[in-house]
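Quick notes on the structure that follows.
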Amino acid sequence: LLRNFPFVGERIGARVDARWSSAVRSCALALILCRAGLAFDLSALRRLIGVVARLAVLPCLAEAVTVFLLAILLFGFPPAWAAMMAFVVAPISPAVVVPGLLALQEAGYGTKTGIPTMVLAAAPLDDVLCIAGFGICLGLAGGEGGQWFDIVRAPLELVLGVAAGTAGAAAVAALTPPAADVDVRGRIALLLGMAVCCAFGLKRASFAGASALSVLVLAVAVARAWGSTASKAVSARLADVWNHIAQPLLFGLVGAAVAVDTLDPRVVGLGLVMLFCSLGVRSCMAFAAVGGRGLRWQERLFAALAWLPKATVQAAIGGIALDEAADEGERKMGREILAVAVLAILATAPLGAVAISVGGPRLLTLDPAAETPKAATAPEPAPDGEQDKVVIDDAPPCECEALGTAAPRELDREAFPVAAAGAERGRVDADDEATGESGASPDSEASARAGNPRAGAKRAPSAGDFHSVAPAGAPGAPAHLVRTG
């Protein structure tokens, strides 16, 4: 909002250096991908590997084909530029999707069926495919790079991403063996340092699509080497860094890159029609792609909703076509591609974030293992001055009439010494009966065997005596004082 106010926008968003903004966004994205990798469920990924592949490829290609056709029909683009617009609009944003999915996974939603893991694994692959496709189309449209190299870019980036992440994980694991004490700060520094090296190194080598995949593979392999204890400790600390530092920076910088005043009303209208059609096709294809694995329709609907948000990739590559334009006609098409990219961010990023956070608890099943029962707590010790009181509770009014009240009440030892002593004696007798022990002492039992039948026998209660009755099945519970006779 501040970026687009008349006077304030010139001094806030417009003065953000584009290179620094891109670098900070890359670091924040590396951090959230590290969190995703540390929380990755490999068993669920093996079980859903076919679904992950379908979810990463089919919705992306379906939306790209839809945008390609509409760009030719509505904007009059040539095929190469229409394909460039298609791969600018199609990719989802891990910066929007991953935090919401991690929050649901930590709360226990969908973990039994592996929905968060499935979407987390497919998100970088979706971006790799779209960025590689954009590079191919840029080369076909007359940009830099050979066409044959651009055609093989997609599989090459997949291989490079996995290889770079695996090599980085081996280095981190060698420096922090799992048997060592959990040094959270040291492990975070090593993990984030290696993640930033992978991300920036691959971007520097013109393999931007492989950067996100390499960071995710790095974190997954490191978590497997460290073990669950160290991984959870590091992930918890990364969550604090993300919530208080990285997340505000990432979304603030993405918002600062959106300039509403550059949007042409005609482009806005046509772009909204294009987005409405393409998102509808993407959602239907995502719903169909996750079928066949016994998922409920609610879980498939959530996967379709989680596959909507767009932000970081559009902000990163939306202006490249304009930068590579050679004449005024291409610059006009580049401005329209950038405008549609901005419109996609405005229309889908907040909508997708709300859909994930609100729809997740309603559409996904809560894992029973996440519902930890409330731990039983020991009774608090009595305050000073309360130890000399005996509690009388739940006694019928007729049994407490000598006390002048019904139950419950407390009996002071000094005011009622006889009754209090009887209550304590009754509690001890109740405890002995519950444990199977006799209330008679060894001396009294010996006297009884010697011929004194009265020795060791309990005195019969007399009229007006009080004796305590402990509640059944609750040894040591507060005793009731009952008047006998």
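Just to be sure before I move on: is Ala349 within 28 Å of the chain's Cα centre (by Cα), of a type in the set (A, V, I, L, M) and modelled with pLDDT under 90 in the structure I sent? Steps first, please.
Details: within 28 Å of the chain's Cα centre (by Cα): yes; of a type in the set (A, V, I, L, M): yes; modelled with pLDDT under 90: yes.
Judged against the criteria, Ala349 is a match.
Candidates are the residues of segment 105-125 that are surrounded by fewer than 24 Cβ atoms within 10 Å (Cβ to Cβ) and assigned to a helix (DSSP H, G or I); the one that is modelled with the highest pLDDT is Ala107. When segment 40-73 is filtered for residues that are within 16 Å of Ala123 (Cβ to Cβ), among the hydrophobic types (A, V, I, L, M, F, W, C) and open to solvent by 30 Å² or more (accessible area, probe 1.4 Å), the ones remaining, listed by number, are Phe40, Leu45, Ile49, Ala53, Val57, Leu58, Leu61. Here Ala288 passes the criteria (1) surrounded by fewer than 20 Cβ atoms within 10 Å (Cβ to Cβ); (2) part of a loop (DSSP other than H, G, I, E, B) except the one numbered (2). Being within 15 Å of Cys137 (Cβ to Cβ) and modelled with pLDDT under 85, is that true of even one residue in segment 289-301? Within segment 289-301, not a single residue is within 15 Å of Cys137 (Cβ to Cβ) and modelled with pLDDT under 85.
Determine whether segment 317-329 contains at least one residue that is assigned to a helix (DSSP H, G or I), out of contact with any Asp or Glu (no Cβ under 9 Å at 6 or more places or on another chain), at pLDDT 70 or above and surrounded by 12 or more Cβ atoms within 10 Å (Cβ to Cβ).
Filtering segment 317-329 for residues assigned to a helix (DSSP H, G or I) gives 317, 320-323, 328-329.
Next, only the ones that are out of contact with any Asp or Glu (no Cβ under 9 Å at 6 or more places or on another chain) stay: 317, 320, 323, 328-329.
Checking which are at pLDDT 70 or above leaves us with 317, 320, 323, 328-329.
Now restrict to residues that are surrounded by 12 or more Cβ atoms within 10 Å (Cβ to Cβ): 317, 320.
Yes: segment 317-329 contains one or more residues that are assigned to a helix (DSSP H, G or I), out of contact with any Asp or Glu (no Cβ under 9 Å at 6 or more places or on another chain), at pLDDT 70 or above and surrounded by 12 or more Cβ atoms within 10 Å (Cβ to Cβ).
Take the residues in segment 74-85 that are part of a helix (DSSP H, G or I) and without any contact (Cβ under 8 Å) to a residue 24 or more places away in the chain, then tell me which one is surrounded by the fewest Cβ atoms within 10 Å (Cβ to Cβ). Full working, then the answer.
Going through segment 74-85, the residues part of a helix (DSSP H, G or I) turn out to be 74-75, 79-85.
Filter once more, so that each one left must be without any contact (Cβ under 8 Å) to a residue 24 or more places away in the chain: 79, 82.
Numbers: Pro79: 13, Ala82: 23.
Here the answer is Pro79.
Restricting to segment 227-242, count the residues that are of a type in the set (A, V, I, L, M, F, W, C) and open to solvent by 10 Å² or more (accessible area, probe 1.4 Å). Looking only at that region, the number is 4. Select from segment 200-250 the residues that are among the aromatic types (Phe, Trp, Tyr) and in a helix (DSSP H, G or I) and write down the one among them that is farthest from Asp41 (Cα to Cα). Across segment 200-250, the extreme among qualifying residues is Phe200.
Kindly indicate whether Ala44 is within 29 Å of Arg204 (Cβ to Cβ), at pLDDT below 90 and among the small types (Gly, Ala, Ser). Considered against the rule, which asks whether it is within 29 Å of Arg204 (Cβ to Cβ), at pLDDT below 90 and among the small types (Gly, Ala, Ser), Ala44 comes out as no.
In this structure, does Gly269 turn out to be assigned to a helix (DSSP H, G or I) and modelled with pLDDT of 80 or more? Criteria met by Gly269.
Out of everything in segment 298-312 that is within 23 Å of Phe276 (Cβ to Cβ) and open to solvent by 10 Å² or more (accessible area, probe 1.4 Å), what residue ends up being nearest to the chain's Cα centre (by Cα)? Spell out the reasoning first.
Here is the first cut: in segment 298-312, the residues within 23 Å of Phe276 (Cβ to Cβ) are 300-312.
So of that shortlist, the ones also open to solvent by 10 Å² or more (accessible area, probe 1.4 Å) come out as 300-301, 305, 308, 312.
On the way: Arg300: 19, Leu301: 19, Leu305: 16, Leu308: 18, Thr312: 20 Å.
Here the residue is Leu305.
Taking residues in segment 276-292 that are more than 15 Å from Ile92 (Cα to Cα), and partners anywhere that are of a type in the set (Ser, Thr, Tyr) and buried (at least 17 other Cβ atoms within 10 Å of the Cβ), the pairs with Cβ atoms closer than 8 Å and at least 6 places apart or on different chains are Cys277/Thr66.
The values are calculated or read from the model by the stated rules, or taken from the named source; none is laboratory data. Owing to the predicted nature of the structure, the values given are computational and were not obtained by experimental measurement. For neighbour counting, all protein chains shown are included, and Cβ atoms are generated from backbone atoms with ideal geometry for every residue, glycine included. SASA here: full protein model, heavy atoms, side chains in, ligands and nucleic acids out. Shrake-Rupley method; radii C 1.70, N 1.55, O 1.52, S 1.80 Å.
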